[in-house]
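No lab work stands behind these numbers, since they all come straight from the coordinates. The structure displayed is predicted, hence computed values, not measured ones. Don't worry about glycine lacking a Cβ; one is built from the backbone with ideal geometry, like all the others, and counts go over all protein chains shown.
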Amino acid sequence: MGVVYPIVGDGDDRPRFEALAASTGVADRIRFLGPVPPEALPDRYRMTDLFVLPSTGEGFGIAFLEAMACGTPVLGLNVAGAKDALADGDLGTALRPSGNLALTTSVASVLQKTDRGDRLARRVLELFGRARFQARA
């Protein structure tokens, strides 16, 4: 089937996203999974090959850390709080906001990286885990 884009969660934007998917002809590739309990999130992150969140308004980017702690590679923009969570591109791929072509090319590139699974999860915990937090506090 190729690319399938699962969207977890719910909110006021869901009808707009559903309409956008229909109007652009990709509705058959998007799965709106709705809200899931917190204990189910790790399985949702692990079911994907790549977590993509091209947002320009993330306060810190906790979803990036959650995905990487589950071993899932991430792709975001190098703006706002995502820069910190992606460790300026060291942990995850951080793109300049520049349009769809850059995003499409980068998805293919990130999927070829080998830094995923347990190795990625360990690196995230080293930089953002409880021990690091306690040492800094």
### Task
Within the stretch 6-48, work out how many residues are touching a residue at least 40 places away in the same chain (Cβ under 8 Å) and either surrounded by fewer than 14 Cβ atoms within 10 Å (Cβ to Cβ) or over 22 Å from L77 (Cβ atoms) (or both).
2
### Query
If you go through the stretch 38-48 one residue at a time, how many are within 10 Å of the chain's Cα centre (by Cα) and more than 14 Å from D118 (Cα to Cα)?
1
### Members of the stretch 24-37 that are more than 16 Å from the chain's Cα centre (by Cα) and within 13 Å of G9 (Cα to Cα)
G34, P35, V36, P37
### Query
Looking at (1) closer than 16 Å to D118 by Cα; (2) crowded, with 21+ Cβ neighbours inside 10 Å, which is the only condition G71 fails?
(2)
### Message
On the basis of being in contact (Cβ under 8 Å) with a residue 24 or more places away in the chain and within 21 Å of D118 (Cβ to Cβ), does A63 make the cut?
### Response
no
